[in-house]
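Structure first, commentary second.
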Amino acid sequence: SQTIHQWPATLVQPVGSPLSLECTVEGTSNPNLYWYRQAAGRGLQLLFYSVGIGQISSEVPQNLSASRPQDRQFILSSKKLLLSDSGFYLCAGRSTPGGHLSAQYFGPGTRLLVL
Amino acid sequence: QKEVEQNSGPLSVPEGAIASLNCTYSDRGSQSFFWYRQYSGKSPELIMSIYSNGDKEDGRFTAQLNKASQYVSLLIRDSQPSDSATYLCAVYGGSQGNLIFGKGTKLSVKP
């Protein structure tokens, strides 16, 4: 089964600083990868998804960007953080061979606080 | 736009009771349905998947699917305080293989 790794677990950053969150996947090849944000007490907001190396789709216009330099690596970045970027960032992966039968698994998440 | 609706709760049940969590979805063509549990401050974890009409049981959990009514539910028998969490319903929603999540139902099991 696949395992999703994320780091760091917690991050406190000043407004205007850059951001880089990394996610790596073990146990599967060519997964679909996802970045979500969850504001306190709110639902999951899909930010980006990727079906392969270099292929990124953005779900919402925002201050963030994503990259997939390797098959099992997914990076979320920002050049200048805003207060509204605070939240719980979750990376998720889904194996593709199973089609619609495949479940999605989440990493442990990064809690970001922008001050 | 494809949607997944859940009652936000909180749903409060006594220990040992059956907790019933409900979810409706808008896309009649949806084929796969998942339930996730999310403890406060933690990431969601998959607890059940269901693909065919009817019931699917796994331990104390039973998922029920009715595609005609576009309704999926999760029953938790013999609820324990450790079941207190937010339960997210997710539906496979389209050609890109993205799950569409409901906003979750918060369950509280009282000792």
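Dividing the alpha-carbon Rg of chain A by 2.2 N^0.38 Å yields what?
1.02
Return a whole-number percent for the relative contact order of chain B, with Cα pairs under 8 Å and 6 or more residues apart as the contact set.
Once divided by the residue count of chain B, the mean separation gives 38 percent.
Please count, across chain B, the pairs of lysine residues with Cα atoms under 21 Å apart that sit 8 or more places apart or on different chains.
7
Place a label point 7 angstrom from the Cα of B:Ile18 along the Cα-to-Cβ direction, then list the residues of the range B:67-111 whose backbone nitrogen is under 19 Å away.
B:67, B:71-81, B:83-84, B:107-110
What FRET efficiency comes out for the pair B:Arg77/A:Ala39, r = Cβ-Cβ distance, R0 = 41 Å, nearest 0.05?
FRET efficiency, B:Arg77 to A:Ala39: 0.80.
Report the semi-axes of the equivalent ellipsoid for the protein assembly as shown in whole Å, largest first, where each axis is √(5λ) for an eigenvalue λ of the Cα gyration tensor.
30, 21, 15
At 20 °C and a viscosity of 1.002 mPa s, what translational diffusion coefficient does Stokes-Einstein give for the range A:1-64, taking Rh as the Kirkwood radius over Cα pairs? Give it in µm²/s as a whole number.
In µm²/s, the coefficient rounds to 156.
In nm, to one decimal, how far is the modelled label at A:Gln13 from the one at A:Glu26, with both set 7 Å along Cα→Cβ?
Going from the A:Gln13 label point to the A:Glu26 one covers 2.6 nm.
Among B:Phe61, A:Phe106, which comes first, then next, by fewest other beta-carbon atoms within 10 Å?
Arranged by neighbour count, lowest to highest, B:Phe61, A:Phe106 become B:Phe61, A:Phe106.
How long are the semi-axes of the equivalent ellipsoid of chain B, defined as square roots of 5 times the Cα gyration tensor eigenvalues? Whole Å, largest first.
23, 15, 12
Read the figures in this text as sums done on the coordinates, not as results from a lab. Keep in mind the model is a prediction, meaning the values are calculated, not measured. Glycine also receives a Cβ, built like all others from the backbone with ideal geometry; neighbour counts cover every protein chain displayed.
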